[in-house]
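Right, one structure below, let's go through it.
The values are calculated or read from the model by the stated rules, or taken from the named source; none is laboratory data. Quick caveat: nothing in here was measured; it's all calculated off a predicted structure. All Cβ positions, glycine included, derive from the backbone under ideal geometry; neighbour counts span all protein chains shown.
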Amino acid sequence: MTDATQVGEGNAPDAGVPPTSGRWKLIGPGIVAAATGVGAGDLVATLIAGSRFGYALLWAAVIGCIVKIALAEGSARYHLATGSTMLEGWKSLGRWTSWYFGIYIIIWGFVYGATAMSATALPLAALFPAVPLWIWAILSGVLCATFVALNRYEMFENAMKVCIGIMFVVVVGVALIVVPNVGQALAGLIPTIPDGSVVYTLGLIGGVGGTITMASYGYWVNAKGWRTPEWMGVMRLDNRVSYIITGIFVIAMLIIGAEMLYTAQIALSSGDRGLLDLDKVLRERFGPVVSIVFLIGFFATAVSSILGVWHGVSLLFADFIRVHIKGGTGSRVGLEKSAAFKFYLFWLTIPPMTLLWFGRPFTLVIIYGALGAFFMPFLAITLIWLLNSARVPKEWRSSWLSNGLLGLSAALFIVLCINELVGLVSGS
């Protein structure tokens, strides 16, 4: 049995039949999803939770990873079991999905493009302050878009593995040098909700590693050449290993927050800039070498999110055009080379550059936040709907465990959605 990926219809990768051994060597699409989903802002949110509540919310980080495993597995299971894509599944639920997703992906891409480029520019500007931040932001967006446009999935996956490798070594390394309190960490696995921690608890469970790219996982599984239900076991291994890695990231950042910030009562800025605040603390405590290594890890975290979104969400948009605009339900071969894919790469990169100078208009931010708040509930609820319907062969429909986890996800994200909408209305 060979592991080599064959070339199938229209030069699309086809991995054939999965091997009986050495399956861990095939892990890849889940790494891409995990690296994309864990952005700089997610790490800061975890840091802030650790800085305010110590180890008390460690259990929430673990539960969050289990929730993400269920969501990503559901997305890929639908692809493998039915031979259809998520966009085809959503279309089967009614035209309302077309209106929601079409509006959402356009506004989301415009605002996220500027956010992602700015986040990637922050560590570069800190390492090379002679170059203005806006130049680093533009270079980051253009170079990542060019890389995605010119390379096939295999090269893209390899680049993402390098990024997550750097992230892992740096984040876990910093967590080790701050000397975690093992006793308190173990106590943090017992569910408790300290006063004032409800929002942070929900955010830890639902926020880290959860974005629109969770719906891209099935597309990356197909891009890897896994196309039939025979690959279900490999996909599940890939997904679980990847979100275990995500869990280690989250736990490491919470340890850093608990040991370096909670005990010293140091506050961080919200958003991506909070990592620059942490860099200052690391420089003061451990010196410039650790600071530089941390900034490199910060850059790897940010650039992996750009690459993952530029590739994964462009695939979603290309399939949206194919399914909802052109009305096609046939072959999805060549989405990466389609005009729609290239247009969305452009949309993520060039128009958002205007926001680098003028900031984000208030009305646009409100619409972006409102639509974004609905996406994860939309994904969780539609997965429950699709995976328990006749669209999926009976043997691959959701079990009680899968339905329970997806139901928990849906309930969680509805609460987070309401909290987000209340925050938008109140301006907090």
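Whenever a residue of segment 47-70 is closer than 23 Å to Val32 by Cβ, its partners that are assigned to a loop (DSSP other than H, G, I, E, B) and among the aliphatic types (A, V, I, L, M), lying with C-beta atoms within less than 9 angstrom and at least six residues away or across chains, give the pairs Ala61/Val208; Val62/Leu189; Gly64/Val208; Cys65/Val208; Lys68/Val208. If you go through segment 218-230 and keep only what is over 13 Å from Ser84 (Cα atoms), part of a helix (DSSP H, G or I) and of a type in the set (Gly, Ala, Ser), you end up with just Ala223. Pairing residues of segment 220-247 that are over 21 Å from Leu335 (Cβ atoms) with residues that are part of a loop (DSSP other than H, G, I, E, B) and not hydrophobic (A, V, I, L, M, F, W, C), at Cβ distances under 8 Å and at least 6 apart in sequence or on separate chains, gives Pro229/Pro393; Glu230/Pro18; Gly233/Pro18; Val234/Pro18; Tyr243/Gly209; Thr246/Gly209. Within segment 371-396, residues that are farther than 25 Å from Ile106 by Cα reach partners that are of a type in the set (Phe, Trp, Tyr) with beta carbons closer than 9 Å, at six or more positions or on different chains, in the pairs Leu387/Tyr78; Leu387/Trp396; Arg391/Tyr78; Val392/Tyr78; Trp396/Tyr78.
Among the residues of segment 195-217, the ones that are small (Gly, Ala, Ser) and part of a loop (DSSP other than H, G, I, E, B) come to 5 in all. Output yes when any residue across segment 5-18 is modelled with pLDDT under 90, assigned to a loop (DSSP other than H, G, I, E, B), surrounded by fewer than 18 Cβ atoms within 10 Å (Cβ to Cβ) and in contact with a Pro (Cβ under 7 Å, 6 or more places away or on another chain), and no when none is. Yes, segment 5-18 has at least one match. When Gly102 is tested against (1) farther than 23 Å from Tyr344 by Cβ; (2) surrounded by fewer than 19 Cβ atoms within 10 Å (Cβ to Cβ); (3) in contact (Cβ under 8 Å) with a residue 60 or more places away in the chain, just one condition goes unmet, and that condition is (1).
Based on what the data block shows, is Leu80 more than 30 Å from Ile384 (Cα to Cα), touching a residue at least 60 places away in the same chain (Cβ under 8 Å) and either touching a Ser or Thr at 6+ places or on another chain (Cβ under 7 Å) or not charged (D, E, K, R) (or both)? So Leu80 does not fit the description; no. Just a yes or no: is a residue in segment 157-166 in contact with a Pro (Cβ under 9 Å, 6 or more places away or on another chain), under 25 Å from Ala318 (Cβ atoms) and in contact (Cβ under 8 Å) with a residue 60 or more places away in the chain? The answer is yes; a qualifying residue exists.
Going through segment 360-388 one residue at a time, which ones are at pLDDT below 95 and part of a loop (DSSP other than H, G, I, E, B)? Hits for segment 360-388 are Arg360, Pro361.
In this structure, Val179 does not qualify as within 22 Å of the chain's Cα centre (by Cα), surrounded by fewer than 21 Cβ atoms within 10 Å (Cβ to Cβ) and in contact (Cβ under 8 Å) with a residue 24 or more places away in the chain. Only residues that are modelled with pLDDT of 95 or more and basic (Lys, Arg) were counted across segment 61-84, and they come to 1. When Ala130 is tested against (1) in a loop (DSSP other than H, G, I, E, B); (2) touching a residue at least 24 places away in the same chain (Cβ under 8 Å), just one condition goes unmet, and that condition is (2).
You will find that of Gly74, Gly30, Gly39, Gly54, the residue that is crowded, with 24+ Cβ neighbours inside 10 Å, farther than 20 Å from Met235 by Cα and of a type outside the set (A, V, I, L, M, F, W, C) is Gly39 and no other. With respect to (1) at pLDDT 90 or above; (2) crowded, with 19+ Cβ neighbours inside 10 Å, the lone exception for Leu412 is condition (1).
Looking only at residues in segment 144-194 that are among the charged types (D, E, K, R) and either under 20 Å from Thr120 (Cβ atoms) or not in a helix (DSSP H, G or I) (or both), the one that is modelled with the lowest pLDDT is Arg152. When segment 215-250 is filtered for residues that are surrounded by fewer than 24 Cβ atoms within 10 Å (Cβ to Cβ) and closer than 23 Å to Asp42 by Cα, the ones remaining, listed by number, are Arg240, Val241, Ile244, Ile245, Gly247, Ile248. Going through (1) of a type in the set (D, E, K, R); (2) at pLDDT below 85; (3) more than 17 Å from the chain's Cα centre (by Cα) one by one, Asp272 falls short only on (3).
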